[in-house]
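K.L.:
What follows is a structure written as structure tokens; I'll ask about it next.
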Amino acid sequence: MAAGEGTILVGRSTGPQPKPEVLTLRLANRHGLVAGATGTGKTVTLQVLAEGFSNAGIPVFAADIKGDLSGLAAAGEAKPPFVKRAEELGIAYEPDRFPTIFWDVFGEQGHPIRCTVTEMGPLLLARLLELNDIQEGVLNIAFRVADENQWPLIDLKDLRALLTFLSENAKELSGTYGNVSGASIGAIQRALLVLENQGADTFLGEPALDLKDFMRTDREGRGFVNVLAADRLMQRPRLYASFLLWLLSELFEQLPEVGDLDKPKLVFFFDEAHLLFNDAPKALLDAVEQVVRLIRSKGVGVYFVTQNPLDVPETVLGQLGNRVQHALRAFTPRDQRAVRAAAETFRQNPGFDVGKAITELAVGEALVSFLEAKGTPSVVERALIAPPQGRVGPLTPAERAAILQQSPLRGKYDEAVDNESAYEMLARRKHLDAAPAEAAGRSEGGLSGMLGGWLGGILGGGEAAAPKGKGRSRRPPPSLAEQVIGNAARSMARKVGTEVGDAILRNVLGGLTKR
């Protein structure tokens, strides 16, 4: 619902001098916040914003927690409350439907959406598995070993095979990478079993998501609204938060720098945002802050949706320039402190008590403050929120199925594929571990002798140096553990040089940076 060129009409203020309350598209990538207690209208506001971005040709991604957001794929109804609200805003109510693509981590209510273990990265995966610091350290070693040996980690069976390898070669690997304890490996393996029982094996795999499929517009130039079915996913809060954070990280890493555009390339709504920050380690919080701060230059706007502004850390909250605050309840002293804190996040309006207004707002009302022309927040206003043009309420299963049948992505992600990866590579080369125990290098002083003997054999044309007074003999093939250590040595040598070449890099959240 547009209020004018380059803006989205969100509502109309109700003060002495009522005026349209609009979100300026040029400043929409400065991020935003939609907050309020359960049942106060946050989801409707999210839908109004999503519809406005779509009409402006901006693709949207949003998680559908309750199923209600799916309704924007169907035209709304001219119900008396909507017609009346439109009249109060000085506009005509025009039902409309919006181009929608449905996604589902579990592949039940939308196209399957997947990522690889490598792309998820050790930092997010450690939080997803609820690992302690020591176990996270071992997981980082596992990723490092895979990186150095170019063993792709695609799905859970790849990671299990890698952990088995670490367990079988813990003594040798500990000397190069740090302590690899059997207890930590066992804890990670048990956590992987729990994750698999929760259905994450359908999420970790291929074909991995191509982010270009989030950036689509229809034939009329309207942006597609990518709706993630999250009702089942929300039953696993850490999986939900880790998945959305991975997605945000991928956008940050893959999209090019574009500077300040006339409108965003994509708007990302992070519903139930408190799940992202609850019990998050400092390293993860620092990473989120960095991504939010820098992703605006990639043309992406991030909008957090949560019950209370205090659910979002202050370092992140300070970067959310566009705000819609629905009602909060203040029945307890703790609630009252939360209301005061929420009121203090706004640029104050001398015309009314902001804290008091937060507790008095009716459903469909909100306090709004959007960035003005120079990028400064406007004075907070009490406003009526515009009615959505799409349906308020979920689609029926038949309606959803019909939209999936007509989806431009039909067939692209529906079937999982199992390409060669770490599991197959380790299985194929496992026979190398059966090399004779008396192989040259193993008897020459443990790990350092093994490494020196093997590298010496490589440099000597494939033959191990013979002891003094004896002939030269061909050395048996190096074991898998020897190859891992050798790969690590070569990697370290490359890093000492001036050219890094194709060395693998990891992004701020621990996933693979594509070069």
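The values are calculated or read from the model by the stated rules, or taken from the named source; none is laboratory data. All of these numbers come straight from a predicted model, not from anything done at the bench. Positions of Cβ are backbone-derived with ideal geometry, glycine not excepted, and every protein chain shown enters the neighbour counts. Side chains included, ligands, DNA and RNA excluded: accessible areas come from the protein's heavy atoms. Shrake-Rupley method; radii C 1.70, N 1.55, O 1.52, S 1.80 Å.
K.L.:
Enter the accessible area of Val44 (Å², nearest 10), with the probe set to 1.4 Å and all protein chains included.
P.N.:
Looks like 50 Å² after rounding.
K.L.:
Output the peptides 349-360, 54-65 sorted from most to least packed, where packing is the average of other Cβ atoms within 10 Å over each peptide's residues.
P.N.:
Packing order, densest peptide first, comes out as 54-65, 349-360.
K.L.:
Based on alpha-carbon centroids, what's the gap between the stretch 20-69 and the stretch 293-345 in Å, whole number please?
P.N.:
Cα centroid of the stretch 20-69 versus Cα centroid of the stretch 293-345: 14 Å apart.
K.L.:
Is the stretch 368-432 best put as rounded, prolate or oblate by its Cα gyration tensor, with a ≥ b ≥ c the root eigenvalues, rounded for a/c under 1.5, and otherwise prolate when a/b is larger than b/c, oblate when not?
P.N.:
It comes out oblate by the Cα gyration axes.
K.L.:
Kindly report the accessible area of the stretch 290-339 per residue (heavy atoms of protein chains, probe 1.4 Å, no ligands, DNA or RNA), in Å².
P.N.:
It amounts to 40 Å² per residue over the stretch 290-339.
K.L.:
State, as an integer percentage, the relative contact order of the stretch 1-112 based on alpha-carbon contacts under 8 Å between residues 6 or more apart.
P.N.:
18 percent
K.L.:
Each label point is 7 Å from the Cα along the Cα-to-Cβ direction; what then is the distance between the points at Gln235 and Glu196, in nm?
P.N.:
Placing both labels 7 Å along Cα→Cβ, they lie 2.0 nm apart.
K.L.:
Given 0.36 nm per residue, what is the gain on full extension from Ser167 to Ala373 after removing their alpha carbon distance, in nm?
P.N.:
That works out to 68.2 nm of additional length.
K.L.:
Report, in debye and to the nearest 20, how large the dipole of the stretch 341-383 comes out about its Cα centre when Lys and Arg carry +1 and Asp and Glu carry -1 on their Cβ.
P.N.:
Value, rounded to 20: 120 debye.
K.L.:
Measure off, as a whole percent, the carbon and sulfur share of the 1.4 Å-probe accessible area of the stretch 149-269, all protein chains present.
P.N.:
Ligands and nucleic acids excluded, carbon and sulfur give 47 percent.
K.L.:
Would you work out what percent of the accessible area of the stretch 1-133, with all protein chains in place, is carbon or sulfur (probe 1.4 Å)?
P.N.:
Ligands and nucleic acids excluded, carbon and sulfur give 48 percent.
K.L.:
Another question about this same structure. Place the peptides 184-192, 19-27, 410-418 in order of packing, highest mean first, counting for every residue the other Cβ atoms within 10 Å and averaging per peptide.
P.N.:
19-27, 184-192, 410-418
K.L.:
What list of ³J(HN,Hα) couplings, whole Hz, do you get for the stretch 34-49 from phi and the Karplus terms 6.51, -1.76, 1.60, once you set θ to phi - 60° and write x for glycine and proline?
P.N.:
10, 10, x, 5, 4, x, 9, x, 4, 5, 5, 4, 4, 5, 4, 5
K.L.:
What FRET efficiency comes out for Glu314 versus Lys84 if R0 is 60 angstrom and r is the Cβ-Cβ distance? Round to the nearest 0.05.
P.N.:
0.95
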